[in-house]
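Enquirer: The structure that follows is given in the form of structure tokens.
The values are calculated or read from the model by the stated rules, or taken from the named source; none is laboratory data. Just so it is clear, the structure is predicted and the values come from calculations on it, not from any experiment. Neighbour counts run over all protein chains shown; Cβ positions are idealised from the backbone, glycine included. Note: areas computed on protein heavy atoms with side chains; ligands, DNA, RNA excluded. Shrake-Rupley method; radii C 1.70, N 1.55, O 1.52, S 1.80 Å.
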2 protein chains.
Amino acid sequence: MLSPRLNVVAACLAASLSVVSGQTFQRLGTCPTLGCVLPPDQQDFLPGQQFDLRFEVHAPVNGSEAFNGGVPDEKFTATIAKDGGQPKSIAAFFNHTEPALEKWTFQWYEDLFAVDAKTPSVVNVASKIYRRIALYEPGSYTVTLKYYSGETTTATWTVRPLATQKKAKNVIFFIGDGMTTNMITAARLLAHKTVNGKYQSLLQLDKFPVLGHQMTHSIDSFLTDSANSASALYSGHKSTVNAMGVYADSSPDAYDDPKVETIVELIHRIWGSAWGAVSTAFIADATPTALTAHTRSRYNYGPLIDQALNGVQNYSWTNSGGPDAYFGGGAEQFLPGSGSYLGKDYYAEFAKKGYSVSLNKTSLLAAPNTQKALGIFCKSNLPVWLERNVFPENLKKFTNDPSGAKASATDLPGLKEMTLKAIDVLHTRGGEKGFFLMSEAASIDKQMHVLDYDRALGDLLELDDTVRATIEKLKSIGELENTLIVVSADHGHGFDVFGSADTKYLAAQKDDRTKRNAIGVYQNSGLSQYTVEHPGTSYGTGANFPVNWDPRYVIAAGLGANPDHREGYGVDKTGPRVPAATIAGKGSSDYYVNPTDQPSGFVVNGTLPTNEAQGVHSLTDVPVFAMGPCQGDFSGTFGNVDLFYKIADCLGLAHGTNKTRPCVA
Amino acid sequence: MLSPRLNVVAACLAASLSVVSGQTFQRLGTCPTLGCVLPPDQQDFLPGQQFDLRFEVHAPVNGSEAFNGGVPDEKFTATIAKDGGQPKSIAAFFNHTEPALEKWTFQWYEDLFAVDAKTPSVVNVASKIYRRIALYEPGSYTVTLKYYSGETTTATWTVRPLATQKKAKNVIFFIGDGMTTNMITAARLLAHKTVNGKYQSLLQLDKFPVLGHQMTHSIDSFLTDSANSASALYSGHKSTVNAMGVYADSSPDAYDDPKVETIVELIHRIWGSAWGAVSTAFIADATPTALTAHTRSRYNYGPLIDQALNGVQNYSWTNSGGPDAYFGGGAEQFLPGSGSYLGKDYYAEFAKKGYSVSLNKTSLLAAPNTQKALGIFCKSNLPVWLERNVFPENLKKFTNDPSGAKASATDLPGLKEMTLKAIDVLHTRGGEKGFFLMSEAASIDKQMHVLDYDRALGDLLELDDTVRATIEKLKSIGELENTLIVVSADHGHGFDVFGSADTKYLAAQKDDRTKRNAIGVYQNSGLSQYTVEHPGTSYGTGANFPVNWDPRYVIAAGLGANPDHREGYGVDKTGPRVPAATIAGKGSSDYYVNPTDQPSGFVVNGTLPTNEAQGVHSLTDVPVFAMGPCQGDFSGTFGNVDLFYKIADCLGLAHGTNKTRPCVA
């Protein structure tokens, strides 16, 4: 018979379990019980990959889980056992000193009714963390946390097989942020001509020999963001929305969460290869910075630039050596001031460490390939491909000069120029040690968020053109056969094209319902008019882009998830779209149709919470295109973390020893 | 210098070309000029594949293309040349008698303004057709039509390489109608449990070794329907919306259009293999009937059932021998009356030709495997998996008894039972000659059309379960290694999941805007609640289906293309959804929100023409999963017609002679 006290525990835990399992607001996503192991159950590790291990014991003070008067068990113990063998204490197994006990309090909401009622649930926590440990032998490990006199939380981990031989000298990993198969289909339609249903030319992506699908879920929600999805791709460990390079704990400190080693930290430590990141976003944005970031909050932009350059400062940690090539937007984190870490001038900080610093395309192209290279070409995100190539007059509307002058950045490289230059630098600096490059087309996602399908698809076509140019470049420097090229995404948006819209007819109708009759579905969708030359229209953008971005018959497209907005379809020539806006007197986060966006269109009321000004991500598996060494490993369907293990295997990063090069630069 | 008359011609053609290229309403989609070759430019052929060749010369009487007083050139001539060689007349090249001249008139609208103004454009036509010809030698062929004293229309055709050896004895081709990667992702989420982001079980589709993407466009519009997309998959020839097994001509006769030979006609003629079709739709629906149909109009259901049994009646044509197994819904075309061809009893017609006839699951399972088998289990489409397995009481609401009685069909097989039985019959009857089976999960599409995501995903899971059972079945009869299994779709819908919805909170809010706050995006999407057991809820549907279809937190999903409707999310327990309805006094094809559908939900106004009661198809490439002999051929991105050529190659159907078995049964 259970003691009275344990009966209470069991009943409480059973009750809390049923509540926790039925909520989308979560106390701590990876921890449905009151004892937490981070990394949690079902995680995979690369042999030798460094990580931190945190335990938390929760004592909810109030709410449906209230327990033990809000006093957490400080006497919890934990063990680890390999392949069903004898459990050892964590400190003994990892030869780690016993860490100090930590304590904190956090609060959360159990559901939307609790949010409305302003009744948070408060939780007291006792915790310990073991830092910078690793598992070297492949196999299954069981971690057991014991707490509250008889409760246990178990985590079973898998250490993947060893792989110590490099099969690819170089890896180039292209990420089309938010890119789905549906978008690729639409972009192909815009840029490539069909004759009687047969494409006369194709995307470069269409020519990849191997195709896979990648599942993108977060560790604790089925919808992901770009931070934790990038982190999964780069580290083989899923995380929580807004977190990168860590398992999110419940502590208030955004930098103390348990870390995992990333691909660039591994390749630097093990092979001393060169590495780089290129993005059309501000370079502190999630996808580029997740290569080096270890934080619960992606929004700490200034500190993340410091982490990229100098590594983790607050705890002992492996480091990436700093990027050899680092190109994108986001001058705010480099100019001295409120956006930069400790207010410092990060152009100067990078220069001090030997970087060339380029603030425009001309300077970028002239930068020496032998030197580490920083290129920051504007504030915020790079203006999109459509502005840079089709509507260049719009560039003058931005006050985004990267030097901080009140001026427009107009001498801008695109994804292609940045990527090709990065390859030059990385190939020169990596030499026989090879390189890893991540190149991100960021505004596929950013423009899908604002329902600006034209601009999103323009940037997708820029990505495809960049991949095409990259293959040519690798051929010309004799590295194509040595290089694994992977093109994928981090998540999707629920975008699709369902017909064509007759913009002339739409504009001529007077009410929302008759305007909708301008949309042609099935046979009335007709053929793409973006590939039909229009007298007087010429952009000089080459064979793989539309010859007319503004035809009478445009694609009719949409998302299942959107704010209130107006749809007139067709390209916005004045700049990126702003679909929803606040209304005076209605609150600063209550979004309605923006009356100045697509004024000839019809109103579509939203399907999202009214505090969302933009569309949101989708659930969908995203495609993976692979060519080069190990390409066959990328066929079929797999998780986003598997993409990391496949790349790490191909690079020979799975070592059974604490492999560190004799001399780390 | 051009003669004055030719100047006029050239000017008119130039003017008409610019108009034609800018319109979604098309005079004849494959014919932008006034001279038409069908099959048109850029078409591919399997060596030896039989087809008809039609020429049309158009004389528009009025409208922007008005020409030659509306008198078509009856003296047109046509030639064909191989690989740039000497052109020969069509009759001489194909050893075909010169066909008689045909003449007709048709009309069309140039755009929506013309529709509103009721000003059709009228066209007079002169035409000839050469029937049942074939090209036996691989290579490039140029067909030239000359008309109006100097105008020419050229079609370049490619005859694919020979492939005369069978690499697969059997082919099973599963079609998830309308199925996209996005839907597969959502179905996996509903039926398979994750622990900290790691799936504990997977779909059968996830285990396929090879993945491809298939482009679905029609020959003359970028959005396809299930008729011409199925036809492309089965024949290697794209067609026009609503057409199957033909290139759509402009004549009023729906049965005289130029035909192409299909996979089952080829496999019957060349190898004498058995073949079958299984569908959860009415069996005269496009996807099953396109295997044997040759018509401009998919809606001629009665005649299409006759074509399936007896082949083409009005012109000499190869035939399929009739299906060996034919299972689905659609008793309307079998019961004597207005739905059947010539009012005949097609149960009797099939029985006369030696078929066993089953009208329920019990009878189906007992039918002899040695005999050809017909199984028609209800009127219209089969009730969906969710009705058959989770809400069986809803079955009683249908008056769909296949015998014509005013009763409900309740002894219903599912896709799995029909498919496994078909394999038994085909394996027995095909013997060493092997078999071809098409098995369709039809209501993925049908339920996406009515925005009933639960029912669509239920049928997707039924498809996956059927594929799983099929692999087991093939193993058990020793045929797995001999069988190519391909799972794909014919087109998509722009469906995606973008969060979760708290149905309790949603129902408790009073207005449309606050209801939307029930939707949780990103981290608030949480984990799938469909895999969490709910006390008192048990369907007995097995490991690969949700354990709770009605959790508090459901997926929030949607389409970019929809009619006015109400969204409350969550499963409709009363039966399939009817999102939009007409309103008294507003016209019979003017659709508004259906007030009885999801009454607790919020209103979403549509993005489609108001005469659309349902969602429509999307543009997206769809996935192709392959395993078995030739599986490697299905990797990467390709057109829907390529799927036919890949299967035909694997079956050795590409012959350089008019291969016909000595004795056709």
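Enquirer: Would you confirm whether any residue within the stretch B:240-252 is within 14 Å of another protein chain (Cβ to nearest Cβ), among the aromatic types (F, W, Y) and either under 20 Å from B:T292 (Cβ atoms) or over 18 Å from the mean Cα position of the chain (by Cα) (or both)?
Expert: Yes: the stretch B:240-252 contains one or more residues that are within 14 Å of another protein chain (Cβ to nearest Cβ), among the aromatic types (F, W, Y) and either under 20 Å from B:T292 (Cβ atoms) or over 18 Å from the mean Cα position of the chain (by Cα) (or both).
Enquirer: If a residue must be of a type in the set (V, I, T) and at positive phi, how many such residues does the stretch A:531-562 contain?
Expert: 0
Enquirer: Do any residues in the stretch A:300-315 that are without any contact (Cβ under 8 Å) to a residue 40 or more places away in the chain have Cβ atoms under 7 Å from those of residues that are open to solvent by 40 Å² or more (accessible area, probe 1.4 Å) and not charged (D, E, K, R), where the two are at least six apart or on different chains, and which pairs are they?
Expert: A:G311/A:N319
Enquirer: Filter the stretch B:592-637 down to residues that are among the charged types (D, E, K, R) and either under 30 Å from B:A648 (Cα atoms) or at the interface with another protein chain (Cβ under 8 Å from one of its Cβ atoms) (or both) and give me whichever is surrounded by the fewest Cβ atoms within 10 Å (Cβ to Cβ). Break it down stepwise before answering.
Expert: As a first pass, look at the stretch B:592-637 and keep what is among the charged types (D, E, K, R): B:597, B:612, B:621, B:633.
Those still in the list that are either under 30 Å from B:A648 (Cα atoms) or at the interface with another protein chain (Cβ under 8 Å from one of its Cβ atoms) (or both) too: B:612, B:621, B:633.
Values: B:E612: 23, B:D621: 30, B:D633: 20.
So, considering only residues that are among the charged types (D, E, K, R) and either under 30 Å from B:A648 (Cα atoms) or at the interface with another protein chain (Cβ under 8 Å from one of its Cβ atoms) (or both), the one surrounded by the fewest Cβ atoms within 10 Å (Cβ to Cβ) is B:D633.
Enquirer: On the basis of being closer than 30 Å to B:K207 by Cα, outside any strand (DSSP E or B) and either open to solvent by less than 10 Å² (accessible area, probe 1.4 Å) or modelled with pLDDT of 95 or more (or both), does A:L233 make the cut?
Expert: Yes: the conditions hold for A:L233.
Enquirer: Test B:G494 against the criterion of being within 7 Å of chain A (Cβ to nearest Cβ), at pLDDT 85 or above, under 23 Å from the mean Cα position of the chain (by Cα) and under 24 Å from A:P563 (Cα atoms), and give yes or no.
Expert: yes
Enquirer: Within the set of pairs 6+ apart or on separate chains, which have a first residue in the stretch A:241-260 that is at positive phi and not assigned by TED's automatic domain parsing to the domain that holds A:A100, a second that is outside any loop (DSSP other than H, G, I, E, B) and open to solvent by 10 Å² or more (accessible area, probe 1.4 Å), and C-beta atoms under 9 Å apart?
Expert: A:N242/B:Y522; A:N242/B:Q523; A:G245/A:Q307
Enquirer: Being of a type outside the set (D, E, K, R) and farther than 12 Å from A:P609 by Cβ is the filter here; which residues of the stretch B:501-524 pass it?
Expert: B:T503, B:A507, B:A508, B:Q523 - these are the residues of the stretch B:501-524 that are of a type outside the set (D, E, K, R) and farther than 12 Å from A:P609 by Cβ.
Enquirer: Could we say that B:V547 is β-branched (V, I, T), assigned to a loop (DSSP other than H, G, I, E, B) and out of contact with any Leu (no Cβ under 6 Å at 6 or more places or on another chain) here?
Expert: Yes.
Enquirer: Report whether or not B:L202 is within 13 Å of another protein chain (Cβ to nearest Cβ) and in a helix (DSSP H, G or I). Don't jump to the end; show me each part of the working.
Expert: Details: within 13 Å of another protein chain (Cβ to nearest Cβ): yes; in a helix (DSSP H, G or I): no.
Considered against the rule, which asks whether it is within 13 Å of another protein chain (Cβ to nearest Cβ) and in a helix (DSSP H, G or I), B:L202 comes out as no.
Enquirer: Only one residue in B:A227, B:A281 is within 14 Å of chain A (Cβ to nearest Cβ), on the phi < 0 side of the Ramachandran plot and touching a helix residue (DSSP H, G or I) at 6+ places or on another chain (Cβ under 8 Å), so which one is that?
Expert: Values: B:A281 fails: within 14 Å of chain A (Cβ to nearest Cβ).
Just one listed residue meets the conditions, B:A227.
Enquirer: Would you confirm whether any residue within the stretch B:82-98 is under 29 Å from B:T262 (Cβ atoms) and open to solvent by less than 20 Å² (accessible area, probe 1.4 Å)?
Expert: Yes, because at least one residue in the stretch B:82-98 is under 29 Å from B:T262 (Cβ atoms) and open to solvent by less than 20 Å² (accessible area, probe 1.4 Å).
Enquirer: Can you give me the number of residues within the stretch A:513-530 that are facing chain B (nearest Cβ under 10 Å), open to solvent by less than 30 Å² (accessible area, probe 1.4 Å) and either of a type outside the set (G, A, S) or in a helix (DSSP H, G or I) (or both)?
Expert: The total comes to 6.
Enquirer: Is it fair to say A:D459 is surrounded by 24 or more Cβ atoms within 10 Å (Cβ to Cβ), closer than 30 Å to A:A581 by Cα and within 16 Å of the chain's Cα centre (by Cα)?
Expert: When the stated conditions are applied, A:D459 does not pass them.
Enquirer: Give the residue, chosen from B:T574, B:T537, that is open to solvent by 50 Å² or more (accessible area, probe 1.4 Å), more than 7 Å from chain A (Cβ to nearest Cβ) and either under 23 Å from B:W385 (Cα atoms) or within 28 Å of the chain's Cα centre (by Cα) (or both).
Expert: Going through B:T574, B:T537 in turn, just one is open to solvent by 50 Å² or more (accessible area, probe 1.4 Å), more than 7 Å from chain A (Cβ to nearest Cβ) and either under 23 Å from B:W385 (Cα atoms) or within 28 Å of the chain's Cα centre (by Cα) (or both): B:T574.
Enquirer: Identify all residues within the stretch A:28-81 that are acidic (D, E) and either more than 26 Å from A:T295 (Cα to Cα) or surrounded by 22 or more Cβ atoms within 10 Å (Cβ to Cβ) (or both); write none if there are none.
Expert: A:D52, A:E56, A:E65, A:D73
Enquirer: How many of the residues in the stretch A:244-281 are of a type in the set (G, A, S), more than 24 Å from A:A59 (Cα to Cα) and crowded, with 24+ Cβ neighbours inside 10 Å?
Expert: Qualifying residue count for the region: 7.
Enquirer: Within the stretch A:109-130, count every residue that is touching a helix residue (DSSP H, G or I) at 6+ places or on another chain (Cβ under 9 Å) and not in a loop (DSSP other than H, G, I, E, B).
Expert: 9
Table: residues versus (1) more than 30 Å from A:F67 (Cα to Cα); (2) part of a strand (DSSP E or B); (3) open to solvent by less than 20 Å² (accessible area, probe 1.4 Å); (4) not aliphatic (A, V, I, L, M).
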| residue | (1), (2), (3), (4) |
| --- | --- |
| A:R132 | yes, yes, no, yes |
| A:T142 | no, yes, no, yes |
| A:T154 | no, yes, no, yes |
| A:P161 | yes, no, no, yes |
| A:I175 | yes, yes, yes, no |
